[in-house]
Amino acid sequence: MARESEFLALDDAALRAVVGPHSRHIALIEDAFKVLVEAPGGGVTINGSTRDRAQAKRVIETLAKRSESGAEITEADVRTALGAAATQPREGQGTVAPNAVALPVGRRGAIAPKTAAQANYLDMLSRCELTFGVGPAGTGKTFLAAAYGASLLRRGQVDRLVITRPAVEAGEKLGFLPGDLNEKVDPYLAPIWEALNDILGPDDVRRRRDKGEIEAAPIAFMRGRTLAHAFIIVDEAQNTSRLQMKMVLTRLGEGARMVVTGDPSQVDLLNPRDSGLSHALRILKDVKGVAIQTFQAQDVVRHAMVERIVRAYDADASAHRPAADLEDTGR
């Protein structure tokens with residue numbers, strides 16, 4: 001197949017983002033599509049077959065657009081764009097849908113979906129009263145939920161952000177934790193606090209917590225409450241029991257919306273079949289106002305190793321899962 005060259009003009013900022021530190025991003029693109037990418041100035045030259053050039057060009061354009069929006073381009077962004085281009089090779093496919101949801105600018109730049117699944121997830125959050133985001137670690141389901149909740153809070157569209165999760169340790173018994181309620185709960189919610197600190201800044205998060213605009217509590221403390229004009233994040237929901245899940249879902253009050261996140265493959269309950277998340281996904285999938293976004297291994301936006309680990313565990317689970325388990329989960 002004939003190999004030809006094509007020049008793609010880029011401004012300086014986009015060019016730096018596409019090239020990456022020590023030309024690392026270019027190396028990933030070259031390796032994925034067997035092309036030669038050079039940066040002579042003012043843009044990049046792509047040398048390769050017609051099909052390979054088109055895929056590489058699509059990745060470079062995706063990265064350039066993210067850079068122009070103010071987002072920091074990381075290797076995770078490059079890998080995500082590579083995966084999309086490889087699986088959706090036709091013209092007009094393989095790119096993330098435009099983000100119609102206004103998200104805040106974090107300390108590392110603009111926040112935007114990196115995969116089609118993330119874009120669809122944000123769209124669900126904006127349209128539905130109850131959204132489930134389920135899938136493996138590293139897919140951004142909790143971070144994007146926190147970012148969306150922070151955007152609603154900033155714009156005054158909700159009065160408060162309520163964060164809750166079951167107080168279940170991942171296979172360890174930590175024993176008594178000292179301090180007040182916040183000090184006891186905070187270790188369990190570290191990923192959400194990290195996300196909110198990145199989005200709002202530690203000082204703003206602290207101020208809003210002091211004013212009661214951001215509240216964190218274990219699921220057990222939700223009983224009997226009605227959460228009105230709030231955005232509620234239920235994290236690590238795979239570790240709720242069926243009774244806990246029903247209880248927390250029915251806390252929705254006027255003007256409130258909720259997102260439930262979790263990974264059904266990482267249940268830490270003594271009886272995994274009692275997981276409220278799997279049960280809720282099965283019985284609520286056709287209920288009006290409920291949306292479910294399922295993330296896959298290819299949506300992992302952490303280190304490349306995380307995606308490979310997730311795929312290996314998924315393959316092992318599929319090979320050894322008893323038929324009774326498949327029937328119980330409704331799969």
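Checking the a/c ratio against 1.5 first, then a/b against b/c, what shape does the Cα gyration tensor give for the stretch 5-86? Don't skip to the end; give the middle numbers.
Details: a/c = 1.57, a/b = 1.19, b/c = 1.31.
Oblate.
For the stretch 180-272, just say rounded, prolate or oblate: build the C-alpha gyration tensor, square-root its eigenvalues into a ≥ b ≥ c, call rounded for a/c under 1.5, and beyond that prolate if a/b exceeds b/c, oblate if not. Please report the intermediate quantities before stating the final value.
Working: a/c = 1.85, a/b = 1.30, b/c = 1.42.
In terms of gyration-tensor shape, oblate.
Could you rank the peptides 275-284, 254-263 by their average count of other C-beta atoms within 10 Å per residue, with the highest value first? Numbers along the way, then the final one.
Working: 275-284: 20.2, 254-263: 22.5.
In descending order of packing, they fall as 254-263, 275-284.
Taking the Cα centre of the stretch 107-306 as the origin, how large is its charge dipole in debye, to the nearest 20, when only Lys and Arg (+1) and Asp and Glu (-1) carry charge on their Cβ atoms? Write out the running numbers ahead of the final one.
On the way: 27 positive and 23 negative charges, 93 e Å.
Computed about the Cα centre, the dipole is about 440 debye.
Which value, in debye to the nearest 20, gives the size of the charge dipole of the stretch 5-86 about its Cα centre, when Lys and Arg are +1 and Asp and Glu are -1 at the Cβ?
Computed charge dipole of the stretch 5-86: roughly 240 debye.
Farthest toward the dipole's positive end in the stretch 5-86, which of L36, G70, S49, given Cβ charges of +1 (Lys, Arg) and -1 (Asp, Glu) about the Cα centre?
S49
May I ask you to give the solvent-accessible area per residue for the stretch 247-299, in square angstrom, as obtained with a 1.4 angstrom probe? Write out the running numbers ahead of the final one.
On the way: 2670 Å² over 53 residues.
Solvent-accessible surface per residue comes out at 50 Å².
Pull up the cross-link candidates among the aspartates and glutamates for K285, meaning alpha carbon to alpha carbon under 15 Å and not fewer than 8 places away within one chain.
In chain and number order, the partners are E129.
Assuming a ≥ b ≥ c are the square roots of the Cα gyration tensor eigenvalues, decide whether the stretch 107-306 counts as rounded (a/c under 1.5), prolate (otherwise, with a/b larger than b/c) or oblate. Working shown, then result.
Working: a/c = 1.14, a/b = 1.03, b/c = 1.11.
Here the stretch 107-306 falls in the rounded category.
With the full set of protein chains in place, find how many percent of the accessible area of the stretch 107-306 is carbon and sulfur; take the probe as 1.4 Å. Please report the intermediate quantities before stating the final value.
On the way: 4680 of 9170 Å².
Result for the stretch 107-306: 51 percent of the exposed heavy-atom area is carbon or sulfur.
The values are calculated or read from the model by the stated rules, or taken from the named source; none is laboratory data. Everything quoted here is computed from the prediction, not taken from an experiment. Cβ sites come from the backbone with ideal geometry, for glycine too, and all protein chains shown count toward neighbours. Calculation scope for accessible area: heavy atoms of the full protein, side chains included, ligands and nucleic acids excluded. Shrake-Rupley method; radii C 1.70, N 1.55, O 1.52, S 1.80 Å.
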